[in-house]
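**Student:** Can you read through this structure? Questions will come right after.
The values are calculated or read from the model by the stated rules, or taken from the named source; none is laboratory data. Since the model is a prediction, treat every value here as computed from it, not as a measurement. No Cβ is skipped: glycine too gets one built from the backbone with ideal geometry, and neighbour counts run over all protein chains shown.
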Amino acid sequence: MLEISEIFGPTIQGEGKKVGTPSVFIRLGKCNMSCSGFNVAYQTPTGETKYSCDSYYSVDHSFKPHWMRFEKYEEILVEVEKLFLDYKPDIVITGGEPLIYWNNEQFQKLLEYFVTHDFNVTIESNGSIPIDFTLPYQKKILFSLSVKLSNSGESLKKRVNIQALTTIIHQASAYLKFVMDKHFINKAQSEIQELLAQLPKVEVYMMPLGETLDELNDNAMSVIQMAIQNNFNYSDRLHIRIWDNKRGV
């Protein structure tokens, strides 16, 4: 079974290497982290206040009753194909943490269908879960690896898996993406350089923390300056600039 919190589009990819690209998103439920350090406040369906990332509704199991459940990948295709226009948008598989489902047969059939039907597929992952590449189509996927730094509130052992990252970078197209606010810049720079020293050469994107447009604007310039100083790429969060914190667009 595949548990999905939302399927939406066509819209644009709001961040990372393919920002601005017409895309359909498949957001899977479940994550192996909570990232309370990102300090996004939300209320559970029972009214409890918690803190997590801005995809809390795909992470916190209290939202699980609201997730869609699919036994077969064809059921997901039916929902996704309703969103297509007269071209093939990028397919973005995100979460939560989608690599939790990597060894799920239906998940692999879904990936295989999109890749073999000439869709560009991106998987957005925190890169902490080891996976094996055993089939050719798996190597044609782009991995957007949002590796968590200490500002996430997660332990180093939990959030960074050098072997898992190295395998993905070697076997497929991949880039790293780091999220931070203006107060974390110096610590982030140290942590990123330490991480990169242990990995194969890989593109790096810096992204400002911000659930709303005001928060994004408050952090953007500091992150831009840090990216310039370190020869990193800057990624804005275009979806927030356009739609603020509205979901499903």
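**Student:** When ALA41 is evaluated against the numbered criteria (1) of a type in the set (A, V, I, L, M, F, W, C); (2) without any contact (Cβ under 8 Å) to a residue 60 or more places away in the chain; (3) within 25 Å of ALA174 (Cβ to Cβ); (4) part of a strand (DSSP E or B), which criterion, by number, is the only one it fails?
**Tutor:** Tallying (1) of a type in the set (A, V, I, L, M, F, W, C); (2) without any contact (Cβ under 8 Å) to a residue 60 or more places away in the chain; (3) within 25 Å of ALA174 (Cβ to Cβ); (4) part of a strand (DSSP E or B), ALA41 fails exactly one: (3).
**Student:** Quick one: which of MET221, MET226 is aliphatic (A, V, I, L, M), touching a Pro at 6+ places or on another chain (Cβ under 9 Å) and assigned to a helix (DSSP H, G or I)?
**Tutor:** None of the others qualify; the one that does is MET221.
**Student:** For the stretch 161-186, give me the residue count where each residue is over 24 Å from ASN219 (Cα atoms) and aliphatic (A, V, I, L, M). Can you show your working first?
**Tutor:** From the stretch 161-186, those over 24 Å from ASN219 (Cα atoms) are 161-174; that's our starting set.
Next, from what is left, pick out any that are aliphatic (A, V, I, L, M): 162, 164-165, 168-169, 172, 174.
Here the count works out to 7.
**Student:** Let me ask another. Please tell me if SER23 is among the polar types (S, T, N, Q), closer than 30 Å to MET206 by Cα and surrounded by 16 or more Cβ atoms within 10 Å (Cβ to Cβ).
**Tutor:** Details: among the polar types (S, T, N, Q): yes; closer than 30 Å to MET206 by Cα: yes; surrounded by 16 or more Cβ atoms within 10 Å (Cβ to Cβ): yes.
So SER23 fits the description; yes.
**Student:** Just to be sure I understand, how many residues within the stretch 153-164 are outside any loop (DSSP other than H, G, I, E, B) and either of a type in the set (Val, Ile, Thr) or closer than 21 Å to LYS17 by Cβ (or both)?
**Tutor:** 2
**Student:** Continuing with this model, one more query. Please determine, by comparing only the residues of the stretch 44-92 that are out of contact with any Asp or Glu (no Cβ under 7 Å at 6 or more places or on another chain) and of a type in the set (Val, Ile, Thr), which one is nearest to ILE123 (Cα to Cα).
**Tutor:** ILE91
**Student:** What are the pairs with Cβ atoms under 6 angstrom where one residue, in the stretch 20-38, is over 23 Å from GLY210 (Cβ atoms) and the other, located anywhere, is part of a strand (DSSP E or B) and charged (D, E, K, R)? Sequence gap at least six, or different chains.
**Tutor:** GLY29/GLU3
**Student:** Whether any residue in the stretch 134-148 is at pLDDT below 95, in a helix (DSSP H, G or I), of a type outside the set (Ser, Thr, Tyr) and at negative phi is what I want to check. Spell out how you get there, then give the answer.
**Tutor:** Taking the stretch 134-148 as the starting set, the residues that turn out to be at pLDDT below 95 are none.
No, every residue in the stretch 134-148 fails to be at pLDDT below 95, in a helix (DSSP H, G or I), of a type outside the set (Ser, Thr, Tyr) and at negative phi.
The rows are residues; the columns are (1) under 29 Å from TYR51 (Cα atoms); (2) outside any strand (DSSP E or B); (3) at pLDDT 95 or above; (4) aromatic (Phe, Trp, Tyr).
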| residue | (1), (2), (3), (4) |
| --- | --- |
| THR166 | no, yes, yes, no |
| LEU176 | yes, no, yes, no |
| TYR205 | yes, no, yes, yes |
| GLU215 | yes, yes, no, no |
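**Student:** Another question, if that's okay. Working only within the stretch 74-125, note down all residues that are in a loop (DSSP other than H, G, I, E, B) and in contact with a strand residue (DSSP E or B) (Cβ under 7 Å, 6 or more places away or on another chain).
**Tutor:** Answer for the stretch 74-125, where residues must be in a loop (DSSP other than H, G, I, E, B) and in contact with a strand residue (DSSP E or B) (Cβ under 7 Å, 6 or more places away or on another chain): LEU83, LEU85, PRO89, GLY95, GLY96, GLU97, ASN104, PHE119, ASN120.
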